Each structure stands twice: as structure tokens, then as C-alpha cells.
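Read the figures in this text as sums done on the coordinates, not as results from a lab. Note that the coordinates shown come from a computational prediction; the quantities given were computed from them, not determined experimentally. Here the Cβ positions follow ideal geometry from the backbone for every residue, glycine too, while neighbour counts run over all protein chains shown.
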């Protein structure tokens, strides 16, 4: 063993016998392995030495229990301001992967847990890949979700291994694969249980060298003229429909890169390197990277212990309660579901069966999920439950009566939660003997698609209750956003001005399609009127009524007239659009062209309300507000959230446009005083998440403890493309 190897900090070398050397990556400074500059530099040194004294074979694996390699060092991309240094980092990654690919002996990557981005590109540079057959194993190249594309050779090596037809959609979507799917595609040589891993590794290395399995001929042929230009045009049209090039340049750059170079691997490697270095400096990549870190910050709020042995009891078998119960059963929890009308449980189980068939991962897993979802008309599960969620109709007296009856039947340490979308936790908790145990767990509709859960802290909710509620949200694969009790909490309070202003414009005679088109051009995944139809106009009207009494929200007459006529949106077949099965919605009423100010009328009231909620400390800081609106309401991800958008506009332009609206519509638009002191800067810095739990303890019913943290601007990163199916308030 080379003496300089003793100085390694991130990699370590181990002899496996028979001349086989094992390299283990285990960065002591990180909870997950990343291909940081230091990790790549050490690996470069190792590969140089191995080229001079080759082993019989090389095995690369991770020393982390959680996974292989999570990708490149995203923080380095986010913090770097010098394009030359960023390009040098990408060149280093290319050189290391090329060196590994050229090794004169067999190389094999052993993969467990997450193997993403640069981690998968390193595995692709090996001759063989063995993956652990476990639900936690995920492989993919999700770089487009960060505003870039694969940059360490993945654009060349993945298509060569599994074919262009399979590789390009994976890279364009950022989708990840499980172990068995990776093996079926040819991405992995084998998917084996952990107990058989060592035997599989030795078996592959001991076998005579075989010709690499080639993708189907038709898939390989896509890389050549004349099929390549045709395939590129098809992918460009499909990508533009979901991720417009003007907002999301990365997938389009990938298609152009492939269209121009797929027939020439060496040229494509060079073009990939230059392209990804340029994309990483774009505003889109900066915002998506920021959202990535904000997502991780939200996940970090759920670090308290909460296991899958948790028993959940849900009261309310309607759409929301039933879908919460089904989702939690899918995620491994035992769930009892109760409703005052047992006949409502039938449709609930039918919906659950469809969910499990689509997402459980197989018939056996779907059956297991169904077995975990237990009808409980009498509510016997209350006494055994660790978490109880009430999800009955939005009626204060009814909810108070239910909570009053549940409290004496619960375990002393059980968590009591309400899924209310607008009612005050102060009022709901007033009937409880221990109001400190009540918390809001506000899921959004549809439950299986919406990532965010508002964790609502009432004036009496304890810090421990908040921590446990956040942990529960993470346990069921949702992002917890702590918010303070207040009208509409955060998401509905910001989203309702957007929806109601659109309805008022319809009253003025502006065309439905013109209003929605303006919102989509801004970057929203769905126009506000189609969104209102999806939610249900009766629900929008109900929330508007609830909030108009406390927040001076308008309550448009046209909305109530449509509800009275039974035009409730998608569920009735007609709202602002006509909805027919299998057909795209069509505007139900004509109107005039949209004036230029439509976008400002839609977006700026939402931005102004964001400042109001921040000033009132409904949410801990500006970053969490932005994260909540992107992950919970679909605010254009490439803009980073309402307050990030405000910073991008600049102080003078923002205030001028806000004042113009407040003069034209003073009855519903007043410039928030918080703008006068808010730091509208674009400075980028690393995301600091230290002492997050301490802040969560202090924050809530004690606004004075927040101090300057209210306006702390900390960027973070990541996120995904807008998806029209993911946006809906409750």
C-alpha cells in the first residue's frame, strides 16, 4: 500500500484477498458522501497510483449506512461566484471519471441507499454495478431539478449503457429508479439482498470477462441521423410543455447537447463539461439549488424520534381524512379510520386501493398497505393511537365537540392534531383540559401529490408537541412547515388573494383563458381559475367567507352565484371551465383580452401578503415562507418564492408597482409597512441551519424572541419543475 494513502481523509483502502482492492468513501465531516473537491482530488491520486501498480480488481463502496454517494457538492455550486473555479471543479470531475473508466483492470461499484447525480456517474464509470435489493436503494441523475444537467460524463455513459430511449427521459425528468428496475434496464449487473452482496461481488469479478450487454438496436439507432433530430424535436416539444425553456434552460440544453453530439462521445463529453459549468451560474440554477437546501431544512425539522410502529387514528372518512389515512398506510403506518357515517368508508377504501395499486410497488406491497388500513366505525383505535388526526368538516362547534370527546380516551402521551385549514387553534383548544397537546397538521389536497404539511402552533401548543408533529410529517414523507396560528395560516392566506383577484377580473369581463395564460407565463404551473375549479368553487367560496371577516378579503358575487347554480368546478363538470372525462378543460365563458397589468394584479397581492405574514411572524423567516409557497402552493420554482421574487424585482420597481396597485384598488390592496425595512438584497450565502430546534422551541406565541431572524435571508436550493397536479389549497 502506498504510504501517501495513509494521509487520506475521505477514502480508505482495504485488501479483500486474491489481489482485489476495495476503496471505501466515508467523509468524516458529512452525514452523507458527496463528490466534493477534496473527495475527487483524493480519488484522482488513488487512481494515478493504481494505474502504476494495478490490483487484480477494484471495488468501490460506501462506509455510510445511509447510502453510496448522494451526488456532487451542491453547496460548492451554490456558493461559487467565479465561473473559472466552477469550470475547474467540473473538469476535475471529468478527469477522475475518465481515469476510472480507463483503468486496465475490472472495476465494480457496490451500491446501497442513495446513488444520485455524481455518485451514479462514478458508478457508471466502473465496469460493473451491484445494487442492494432494498426499498431504500435509489439510483438516478436528478440534476435537472437543480437547474443543470449531468456534468461528470453521465450524458454519455448512461445512454451507452441502457440506450438513448431509456436514458434521455430519465435525465430530462430527474426520476430515480429502485434496485430491481435498475437491474431490468441494465443499469446494474445484479440486484441482490444485502446478505448475498459479497458473494455477488466475487462472482462477477471471478467470471470470465463478458461483452457488455448492449441496449436494443432501435434505442441505439436514436443516436444517429436521421432519427436523432426527430427524437430531439419530440423531446423538445414535450419538455417545453412542462418546463418552458425561458424559465428552465437545463433540460433544453441537455436535448441540444444530445442532438448535436450523441454520435460522437468524445465531443459530447467536452460539450457536457462546458454546458453544465455555464448552466450552474444561471439564475434558474441558483434558485432551484436554494430550494434544494430549503427542502433539506424542512426535513431537518423532523429529526425527533418517530418510528413506523406509530399507530395513527383518523376521524373523518371524507376525501381529506380518507386520503390522509390511505397515504399514511402506504408509508407503513397502522391506521384506523373512523367516521360517524360508516357508509362513507366504502368510497374511501376504493380510493385507497387505486392509490396502493399505483404507488405501493407491487401487488404484495399493495395488499400489505390495505391490511394496515383498518375501518373503525366505533373509534376503538383512539385508546391505542400514538397520533390522532381529526379531519371532519370545517365547523367550529362540531370540531370542538369531537376534540372534547377524544381527549379523555387518548393515551397520555398521544399527539392530538387537527387538519383544519382556517379555524383558529385557540378556539379549538379552548375545550381541552390539556390544550398544549393540540397541534395543526394541515395536509393539502391531493394528499398523495402535495409535499407540504403546515404544522400549526396554537398559543398553547408546546414545543415538544411541535417537534413530534414535525417528526410525524417527515415519517410519512412530507415536508413540515411550522406556522403560527392565524387566519388562513400561511398558504391559504397568500393563495386566496391570487384566486380571488382572478375571479374579480372575470366579473370585469376579462377572458378566463387570458387570466390563466398570464399566470402561466409568469411561471405558475396552473392558472388561478383552473386551480379554483380543481379545488372546488364551493371550497374556495367557503374559505373566502372565513377569511373575509378577519382579513378584508373580497367575496366576489360571481363566485357565490356559480356555487348556488351548482357550478362547483371539476367535480360538477362546470365552473370557470367545462370539464369532460378524457378531454382538456374548455373555458365556459367568453371575455375580453387581458390588459397588461393582469400579471401584477395576480402576483403582487400575494407578494404583499407574504410580507404581512412575515411581519406578523406567522412563519419563522423569509426562507421558510418562500419554501412553503413553492412546495405547498406551486409558486414558480425558478423564481424561488414570493419574497425571492420581490428581491429580484428590486426595491424601487417593487414599491412603485405595489403603490400603483394600492392606488387603483385601495379597498383590497394596502402597501404593507414591512417593505420599508425589508432587506431587498440578492446576496447569496450558505444555508445555516444550526440550532433549528432551539429556534423552534422559542418561536410561536412569543414574537419578541424572533428579533432579526424574521428578515434573515438565507438561500438554499433545489426543487422540481412545476406540476399542474401538485397545486391545490384545502
Seminar exercise, completed: Label model pair residue 26, residue 199: point-to-point distance (7 angstrom along the Cα→beta-carbon line) in nm is 2.5 nm
For this session: Using label points projected 7 Å from each Cα along Cα→Cβ, tell me how many nm separate residue 206 and residue 596, to one decimal.
Result: 7.7 nm
Exercise. Can you give the % of DSSP beta bridges in segment 311-484 that are antiparallel, to the nearest 5?
Worked result: 15 percent
Seminar exercise, completed: Counting only DSSP beta bridges with both partners in segment 3-281, the antiparallel fraction in percent, to the nearest 5, comes to 30 percent
Seminar exercise, completed: Taking every alpha carbon pair in the chain and sorting the distances into 10 angstrom bins from 0 up to the bin holding the longest one, the percent per bin comes out as 3, 14, 22, 24, 20, 12, 4, 1, 0
Exercise. Counting only DSSP beta bridges with both residues in the chain, what percent are antiparallel, rounded to the nearest 5?
Worked result: 30 percent
Exercise. Using alpha carbons only, how many degrees (0 to 90, rounded to 10) separate the axis of helix 249-261 from the longest principal axis of the chain?
Worked result: 30 degrees
Problem set entry | Efficiency of FRET between residue 578 and residue 263 - r from beta-carbon atoms, R0 35 angstrom, step 0.05 | 0.15
Problem set entry | Protection-proxy order for peptides 195-205, 157-167, each taking the mean of Cβ atoms within 10 Å per residue, highest first | 157-167, 195-205
For this session: Please give the FRET efficiency for residue 560 paired with residue 218, using the beta carbon to beta carbon distance and R0 = 45 Å, rounded to the nearest 0.05.
Result: 0.20
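Computed FRET efficiency, Cβ-Cβ of residue 396 and residue 340, R0 25 Å: what is it to the nearest 0.05?
0.90
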For this session: Please determine, in degrees from 0 to 90 and to the nearest 10, the orientation of helix 164-173 with respect to the longest principal axis defined by the Cα atoms of the chain, where the helix direction is its Cα long axis.
Result: 40 degrees
Problem set entry | Whole-percent pair-distance distribution, where bins are 10 Å wide, for the alpha carbons of segment 311-484 | 11, 42, 37, 9, 1
For this session: Take 315, 24 and order them by how many other Cβ atoms sit within 10 Å, fewest up front.
Result: 24, 315
Problem set entry | Rg/Rg_globular for segment 3-281, with Rg_globular taken as 2.2 N^0.38 Å and Rg from C-alpha atoms | 0.97
Problem set entry | Tilt relative to the chain, helix 227-242 - C-alpha long axis, 0 to 90 degrees, to 10 | 30 degrees
Exercise. What is segment 3-281's relative contact order, in percent, from Cα pairs under 8 angstrom and six or more apart in sequence?
Worked result: 16 percent
Problem set entry | For peptides 181-193, 285-297, sequence by mean Cβ density within 10 Å, most packed first | 285-297, 181-193
For this session: At 7 Å along the Cα-to-beta-carbon direction for both residue 351 and residue 549, put a label point, then send me their distance in nm to one decimal.
Result: 2.7 nm
Seminar exercise, completed: Fewest-first ordering of 235, 258 by Cβ atoms within 10 Å yields 235, 258
Exercise. So, in Å, what gap is there between the alpha-carbon centers of segment 355-395 and segment 217-276?
Worked result: 44 Å
Seminar exercise, completed: Note: probe point = Cα of residue 227 + 7 Å toward Cβ; backbone nitrogen < 14 Å; residues of segment 163-189 passing the test are 163-168
For this session: Order the peptides 457-469, 352-364 from the highest to the lowest mean number of other Cβ atoms within 10 Å of their residues.
Result: 457-469, 352-364
For this session: Could you work out the relative contact order of the chain, using alpha carbon pairs under 8 angstrom and six or more residues apart, expressed as a whole percent?
Result: 11 percent
Problem set entry | 508, 272, 394 arranged by Cβ crowding within 10 Å, fewest neighbours leading | 508, 394, 272
